[in-house]
Each structure stands twice: as C-alpha cells, then as structure tokens.
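Asker: Please see the structure below; I have some questions.
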Amino acid sequence: MFSLLIKSMRSRIIPTSLVTISLMASMVLLLSIERIQQGTEEGFNQSISGVDAIIGPRSSSLELVLYTVFHLGRPTNNITTKTIDDIKLRNDISWLVPIALGDSHRGFRVVATEPNYFDHIKYGKNQALTFLKGVAFSELSEAVLGSNVAEKLNYSVGSGLQITHGSVESLGIKHDDFSFKVTGVLNKTGTPIDQAVFLDLKGYELLHLGWKSGKKVFSLDDIDLSVLPDDALQPKTVTAAFIGLKSKLTLFNFSKSIREYPKEAISAVIPGIALSELWSIVGLVDKGFELLTWIIIAISLIAMVTLIIASLDNRNQEMTIYRANGASPKFLATMVIYESLVIGLVAIIGAIILVTIVTYFATNQLNLALGISPSFKWISLEEIKVFSLILFAGVLSSLIPAAMVFRKNLHQTLS
Amino acid sequence: MLKTLGLEYHYRDGKKIIFPEIEVGKGERLLIRGFSGCGKTTLLSLIAGALKLQNGDIKFDGNEYSKMSSLLLDKFRADHIGYIFQTLNLIPFLSVSENIALGIKFSKSRKSKVNDFNQEIVRLVSSLGLGKEVLKTPVNRLSVGQQQRVAVARALLGKPDLILADEPTSALDSGTTKKFLNEVMETFDSTRQAIIMVSHDTSIAPYFDSVIDFNSNNV
C-alpha cells in the first residue's frame, strides 16, 4: 500500500508539499518558542549559585538581580560602605562580597569587587570559578577578565587596559589617566561572568577620585598617587553586596532584619525568588505565543484535511481502479489516513531538523546577548509528547475524508 | 459457474431496473447488449460484488453473494474476477507494468498463479498485439487502443475465472475494434476464461457464444 500511496502523493507533489511545509513551519514555531523560553530560563537560573542573598538599595528585587547578576539595566541607587561594614559584623553571615558597577571596557561591563569574589561566587550547579590563566588581582592596578572578554579583545595576562566611564563605550569618557594590568583570565562559565572585567574596589575608587557627580574635576596625572592616604581609596559607596549565610534556615529572618535596617533604605533579595518572579512575567507572554502557535497548527491541520478532501474528486478514477481490482473500501480509507500520517511524519522530522538548527543559532544569540548559554539538546520527552499529539490530531482529522471515501465506495458502481 | 436470480436494483432517484437472468458457464462468452443508461454498469458492479445486492441473488461456483459480507465480496472479486472499464483504465502515475500488477495486488491466489511476473506480462502484452516497448512508455502516451489492451492484460493476469468488460471497445473505431477483439478473443481462447461483456455495439455479436438483449426491462 505504501508504494502506491507514495506514488499517488508524488503525483500531487505541489499541494501536498505546501501543506507539509505549512504544518512543519507551525511546529517549528511552537518548538522554537518553547525551547528559547526554556533555554533562557535555564541559562538565567544557572548564572548564579552559592549566593543566598543580594543586598542593595531598596528597589524592585528583579531590577537588582538583573543589574547585579546579569549586568542588564542601570543601578538605581548606591548603598554606603558604612552599612555594608555594619552588616559584615552580623554573626549569621558567613561571607560578604561588595560590588560596584557602572563602568565598562570596550562594551564589556566592569565589576569592581574584592578578591574574595572568586572564592565565593559560584555558577551552574554550585561550580566554583577557576582561572584559565594567571591569578586573582591583589593590587589596585590589576584586573581579571572573563573568558569572552579575553577571547574577543585578544587579551592575556600582562595586557594593559583603560576603563570607560559609563556602560557605553562611545558615550562615556575614558579614564585615560590610569591603566590596569591583567593578572588572570577566568575559565568559560556560560554566564555573564564571561563578559565582565573585574577590578579591585580600591582601583575603581581611585579612577573616580577626581570625579564629582558624574563629571571629571581633576586628572590623576595632576596628583602624586604615592602620597595618597590609604583611607582615601576606601570606597564610600558600592552598588550591592553578595551574601552567603552560615545557615540557609536564617534566610527569611535575615532578609526581614535587612529590610528593617534603620539607617539606610536597603533590602535583601533572594536571587531564586526574584528570578521566578521574572519567569512568571515572561511565562505569561510565552503562554500567549504558545496559544497562537497551537491555533496555527490547528489551521495547518485543517488545511491538510481540506487538501485531502479536495484531492478526492480527482482521485475518483484511481480509487475505482483499485476497487475493481479487489480493494475494499476499508483499504481506500486506510490509504487516506496513511496519507495524513505521512504528511505529519515528514513535517515532524523536518521540524526537528529545523528546530535543531534554529536552537543552535538561538543559543549563540542568547550567549552573545545575555552571556548565558543554555545546554543544547536534540529532542526532549516533552517534545515527543507534543509531536505525538499533533500526529494523533492529524490522523483523527483525516478520519473525515477517510469516512467520505469509505461511504462513497461502498455504494458506487464501477465506472 | 455464474447464475443470477431475480436481480433488481432501485436507484435513489426512484428508477428501478429488473435485470434478465444470466447464466455463464466456464470459458463461456456472453454479450449483453443495451443502450446507455439501461443499467449495464450496475449489473456488472453487482456481479463484481462491488455494489451491495438489493433484491435477488448471485451464485458464483456455489458462493451466494447475499450471504457474503462486502469485505468477503471484495476478496472474492480480487481472486476470481478481472474488470475492464470503458475508458481510463490506467492510473497515470504508475508505469504500464505497475498498472498490470494491480490485477494481482489484492489476491494471494492470483499472485501464486504467476511464477515469473516480468515474463508473464511480456507474454500477455505480446499476445495482445503490443510491443515490449509499451512497458516502458508512460501511460498517458499510449493510444486508447493500447490502453485498453493493457487493461485486458491486467484483467487476465493470474487467470481469474471471469472477466467483466464494460464497453471496452466504445472508444475505438470499427477497424481497431475488430483487431482488438480478434487479439483479445484469441488470448481468451488459450486461457479458457469466461467473459461477460456489455456493449451497445451490435456488430461484435459474432465473437460471443450467446447474446442477451437488455433494453425492454426498464420499469
């Protein structure tokens, strides 16, 4: 039956392949949306690990996480070092890493922090940061590079770099009065860490010594750095601080007491909770897209059934000849059902191949845009379920033309 | 071998046909003559078991159609009957030999009677006056006469007991008809199959053992 079916379908190749393509395209759409969403979520969730809370100025918790972890957006406010020092004294804290953000180097964000950043900040499933080359900075004139930065700019240990004020290269003024020397390059993590330049907080403070409210007042060239008192480089404010607690059980008490901190309006954000907030927003948009795609799939299936029904008139002679040679109406109806099965299977196989290609490029784009790299996969169990559902719906709807063929041929003379 | 008993057929539009009694023995040739619309095609479809019986019965080698399911009748047709249409006998997207192979596609018993398929179709085709090159010609490039011969080859493949032919010569001119029937009947003689042919053409009567006129029974 299959060789007859394939030859018959081949004789109607143009309409048949158009319907197959439309079905394939709608499935590609559905799966791409689903995969990109899953990939983004996975990538985001794996971008930070081992951090129990992020302390920052009181603002939207999502904003704080997006800014401090993903380097997206702008800081709203800063938090004073005095407050940070106060919190450091709490005995439920295991470690604290302050960070200051705002500057960049050739489009890559600068993260000013302390050397213990590399000990405490983890990614993925609690994986520690490791050095591809060199070591962490120990002097205020030293810098560490994320792997993409080193790769793209062709830097290595010993390279010198200057920092631009602000996050956009072309708009910011260069801190051209001071250069940093690279002491280490981190291994690839597939997180925004790969796209960052790390400096010592004191070095960062030094850069801004001559600056008052976003404007340069004097150049470092005009002063003698060797006579600067040590506490002149102690930062007055930072953007945020990453916190590790001794026990996770104290997390909610901790965040409550931070919120009630009397001297400054600050808050403690739990990264996982803030991210799930993000997914509930993204998820809503995503559900809308998904619904639309299901509608498109339904339309494609209707188009397929319409095509099969429309072709029946032209196939009358073909069917009668089969019938005269002993084919039962059941055989003819089965042939119609198999035709929808063949269209469905070809569309599915094509969709898998296309989606794989799309996912591959989308993964690269996500990596470029957000610094996250979701794991690449062929096909998931969930997707097989979706495909089976579509195939089942296709076969189910082909029962209409199949029944038409069956009834017609049961009561038709051979002519 | 085949006998009809009190066959009647009511059409949906209210027309009713009472068919003459037919009896055909093994290897016998019967011509049913009648004008278009007299129910000849309906009669052949009933004998083929493709159309459900309404009144009356058909007996074929001891099998009573009225007692067989439509699925069983389809199988019976595949095994015992070859069918030739008036025109458009061939499926355009199949090759000539694939078209001929349809004759045994649905019947195990007919398939088992063909030892060497390729050899058998060459034999059939050449005994019907066609050259071997026809097998390689696309179906839509065959003349009507060639197409009808291919249809005969399909009906004869695997030696079914009965051939039903529905005005197979109506699309041929009188000269071609004569040549066609000569070749077909010669092939039939050697295979000893029964044939029931319906036609409005009175000139072909000499090729048959018996002739039934079927014009006066319409109600």
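The values are calculated or read from the model by the stated rules, or taken from the named source; none is laboratory data. None of the values given here were measured: they were computed from a predicted structure. All Cβ positions, even for glycine, are placed from backbone atoms using ideal geometry, and neighbour counts span all protein chains on display.
Asker: On the given criteria, is A:Ile308 in contact (Cβ under 8 Å) with a residue 60 or more places away in the chain, outside the structural domain of A:Ser59 (by TED's automatic domain parsing) and surrounded by fewer than 18 Cβ atoms within 10 Å (Cβ to Cβ)? So that I can check it myself, show each step before the final result.
Answerer: On the way: in contact (Cβ under 8 Å) with a residue 60 or more places away in the chain: yes; outside the structural domain of A:Ser59 (by TED's automatic domain parsing): yes; surrounded by fewer than 18 Cβ atoms within 10 Å (Cβ to Cβ): no.
So A:Ile308 fails the test.
Asker: In segment A:210-237, which residue that is under 29 Å from A:Ile55 (Cβ atoms) and part of a helix (DSSP H, G or I) is modelled with the lowest pLDDT? So that I can check it myself, show each step before the final result.
Answerer: Initially, segment A:210-237 is screened for residues under 29 Å from A:Ile55 (Cβ atoms), giving A:210-215, A:228-237.
Subset that is part of a helix (DSSP H, G or I): A:230-233.
Values: A:Asp230: 69, A:Asp231: 72, A:Ala232: 72, A:Leu233: 78.
Checking each candidate, the answer is A:Asp230.
Asker: Cβ-Cβ below 7 Å, separation at least six or inter-chain, first residue in segment A:137-162 and more than 14 Å from A:Asp194 (Cα to Cα), second charged (D, E, K, R) and part of a helix (DSSP H, G or I): which pairs?
Answerer: What qualifies is A:Leu140/A:Lys202.
Asker: Out of all the residues in segment A:376-415, which are among the aliphatic types (A, V, I, L, M), out of contact with any strand residue (DSSP E or B) (no Cβ under 9 Å at 6 or more places or on another chain) and not in a helix (DSSP H, G or I)? Quick ask: steps written out before the conclusion?
Answerer: To start, the set of residues in segment A:376-415 that are among the aliphatic types (A, V, I, L, M) comprises A:379, A:381, A:384, A:386, A:389-391, A:393, A:395-396, A:399-400, A:402-405, A:410, A:414.
Still in the running and out of contact with any strand residue (DSSP E or B) (no Cβ under 9 Å at 6 or more places or on another chain): A:379, A:381, A:384, A:386, A:389-391, A:393, A:395-396, A:399-400, A:402-405, A:410.
Hit for segment A:376-415 is A:Ile379, nothing else.
Asker: Across segment A:381-415, which residue is nearest to the other protein chains (Cβ to nearest Cβ) among those that are closer than 20 Å to A:Ala324 by Cβ and among the β-branched types (Val, Ile, Thr)?
Answerer: Here the residue is A:Thr413.
Asker: Which of the residues spanning segment B:160-179 are crowded, with 17+ Cβ neighbours inside 10 Å and either in a helix (DSSP H, G or I) or among the basic types (Lys, Arg) (or both)?
Answerer: Listed by number, the list holds a single entry, B:Thr177.
Asker: Looking at (1) out of contact with any Lys or Arg (no Cβ under 8 Å at 6 or more places or on another chain); (2) closer than 30 Å to A:Asp52 by Cβ, find the lone condition where A:Ala128 falls short.
Answerer: Just one mismatch for A:Ala128, condition (1).
Asker: Does segment A:42-82 hold any residues that are over 23 Å from A:Asp119 (Cβ atoms), of a type in the set (S, T, N, Q) and crowded, with 17+ Cβ neighbours inside 10 Å, and which are they?
Answerer: Quick first cut of segment A:42-82, residues over 23 Å from A:Asp119 (Cβ atoms) only: A:42-44, A:57-63, A:66, A:72-78, A:80, A:82.
Pick out the ones that are also of a type in the set (S, T, N, Q) and you get A:59-61, A:76-78, A:80.
Scanning segment A:42-82 gives A:Ser61, A:Asn78.
Asker: Taking the condition of being small (Gly, Ala, Ser), part of a loop (DSSP other than H, G, I, E, B) and closer than 17 Å to A:Ala112 by Cα, how many residues in segment A:134-184 meet it?
Answerer: So in segment A:134-184, the residues small (Gly, Ala, Ser) come out as A:134, A:136, A:138, A:141, A:143, A:146-147, A:150, A:156, A:158-160, A:166-167, A:170, A:172, A:179, A:184.
The next check asks that each one be part of a loop (DSSP other than H, G, I, E, B); those that pass are A:136, A:138, A:141, A:146, A:156, A:158-159, A:166-167, A:170, A:172.
Next, from what is left, pick out any that are closer than 17 Å to A:Ala112 by Cα: A:136, A:138, A:141, A:146, A:166-167.
Of the residues in segment A:134-184, 6 are small (Gly, Ala, Ser), part of a loop (DSSP other than H, G, I, E, B) and closer than 17 Å to A:Ala112 by Cα.
Asker: For segment A:1-80, which helices (runs of 4 or more DSSP H) that fit wholly inside it have 1 or more residues that are away from chain B (no Cβ under 14 Å)? Steps first, answer last, please.
Answerer: Working: elements: A:2-10, A:13-45, A:61-70.
So the answer is A:13-45, A:61-70.
Asker: If you don't mind, another one. Of the residues that make up segment A:166-182, is at least one at pLDDT 90 or above, within 25 Å of the chain's Cα centre (by Cα) and farther than 15 Å from A:Tyr204 by Cβ? Please lay out each step first, then the result.
Answerer: We begin by selecting, within segment A:166-182, every residue at pLDDT 90 or above; these are A:180-182.
Next, only the ones that are within 25 Å of the chain's Cα centre (by Cα) stay: none.
No, segment A:166-182 contains no residue that is at pLDDT 90 or above, within 25 Å of the chain's Cα centre (by Cα) and farther than 15 Å from A:Tyr204 by Cβ.
Asker: Something else about it: Residue under question is B:Leu43, and the condition is that it be more than 18 Å from B:Lys159 (Cα to Cα) and more than 18 Å from the chain's Cα centre (by Cα); does it hold?
Answerer: Details: more than 18 Å from B:Lys159 (Cα to Cα): yes; more than 18 Å from the chain's Cα centre (by Cα): no.
So B:Leu43 fails the test.
Asker: Within segment A:293-309, does at least one residue satisfy the condition of being modelled with pLDDT under 85, away from chain B (no Cβ under 14 Å), on the phi < 0 side of the Ramachandran plot and touching a helix residue (DSSP H, G or I) at 6+ places or on another chain (Cβ under 6 Å)?
Answerer: Step one: of segment A:293-309, the residues modelled with pLDDT under 85 are A:293.
Those left that are additionally away from chain B (no Cβ under 14 Å): A:293.
Applying the additional criterion that residues be on the phi < 0 side of the Ramachandran plot yields A:293.
So of that shortlist, the ones also touching a helix residue (DSSP H, G or I) at 6+ places or on another chain (Cβ under 6 Å) come out as A:293.
Checked against the condition, which is being modelled with pLDDT under 85, away from chain B (no Cβ under 14 Å), on the phi < 0 side of the Ramachandran plot and touching a helix residue (DSSP H, G or I) at 6+ places or on another chain (Cβ under 6 Å), segment A:293-309 yields at least one hit.
Asker: For residues that are more than 28 Å from the chain's Cα centre (by Cα) and surrounded by fewer than 18 Cβ atoms within 10 Å (Cβ to Cβ), scanning just segment A:135-155, find the one that is farthest from A:Pro75 (Cα to Cα).
Answerer: A:Val135
Asker: When you check B:Asn182 against the structure, is it free of Cβ contacts under 8 Å to residues at least 12 places away in the same chain and outside any helix (DSSP H, G or I), yes or no?
Answerer: On the way: free of Cβ contacts under 8 Å to residues at least 12 places away in the same chain: yes; outside any helix (DSSP H, G or I): no.
So B:Asn182 does not fit the description; no.
Asker: Looking at segment B:14-38 only, could you name the residues that are in a loop (DSSP other than H, G, I, E, B), modelled with pLDDT of 85 or more and not basic (Lys, Arg)?
Answerer: Listed by number, the residues that qualify are B:Phe19, B:Pro20, B:Glu21, B:Ile22, B:Gly25, B:Gly27, B:Glu28.
Asker: Do we find a residue being part of a helix (DSSP H, G or I), surrounded by fewer than 19 Cβ atoms within 10 Å (Cβ to Cβ) and at the interface with another protein chain (Cβ under 7 Å from one of its Cβ atoms) anywhere in segment B:66-73?
Answerer: Here is the first cut: in segment B:66-73, the residues part of a helix (DSSP H, G or I) are B:66-67, B:70-73.
Imposing the further condition that a residue be surrounded by fewer than 19 Cβ atoms within 10 Å (Cβ to Cβ) reduces the set to B:66-67, B:70-72.
Those left that are additionally at the interface with another protein chain (Cβ under 7 Å from one of its Cβ atoms): B:70-71.
Among the residues of segment B:66-73, at least one is part of a helix (DSSP H, G or I), surrounded by fewer than 19 Cβ atoms within 10 Å (Cβ to Cβ) and at the interface with another protein chain (Cβ under 7 Å from one of its Cβ atoms), which makes the answer yes.
Asker: Restricting to segment B:79-107, count the residues that are part of a helix (DSSP H, G or I), touching a residue at least 40 places away in the same chain (Cβ under 8 Å) and facing chain A (nearest Cβ under 7 Å).
Answerer: Going residue by residue through segment B:79-107, those that are part of a helix (DSSP H, G or I) are B:79-80, B:96-105.
From the residues that got through so far, the ones that are touching a residue at least 40 places away in the same chain (Cβ under 8 Å) too are B:79-80, B:96, B:99-104.
The next check asks that each one be facing chain A (nearest Cβ under 7 Å); those that pass are B:102-103.
Selection size over segment B:79-107: 2.
Asker: Please find, within segment B:113-147, the residue that is surrounded by the most Cβ atoms within 10 Å (Cβ to Cβ) out of those that are in a helix (DSSP H, G or I) and within 14 Å of another protein chain (Cβ to nearest Cβ).
Answerer: Looking only at segment B:113-147, we keep the residues that are in a helix (DSSP H, G or I), and these are B:117-127, B:132-136, B:139-141, B:144-147.
Filter again for within 14 Å of another protein chain (Cβ to nearest Cβ), leaving B:139-140, B:147.
Values: B:Val139: 19, B:Asn140: 9, B:Gln147: 21.
Checking each candidate, the answer is B:Gln147.
Asker: Of the numbered conditions (1) over 13 Å from A:Val238 (Cβ atoms); (2) among the β-branched types (Val, Ile, Thr); (3) at pLDDT 85 or above, A:Ile33 satisfies every one except a single condition; which is it?
Answerer: Of (1) over 13 Å from A:Val238 (Cβ atoms); (2) among the β-branched types (Val, Ile, Thr); (3) at pLDDT 85 or above, only one is false for A:Ile33: (3).
Asker: Within segment B:1-51, restricting attention to residues that are buried (at least 19 other Cβ atoms within 10 Å of the Cβ) and among the charged types (D, E, K, R), which residue is nearest to the other protein chains (Cβ to nearest Cβ)?
Answerer: Taking the candidates together, the pick is B:Lys40.
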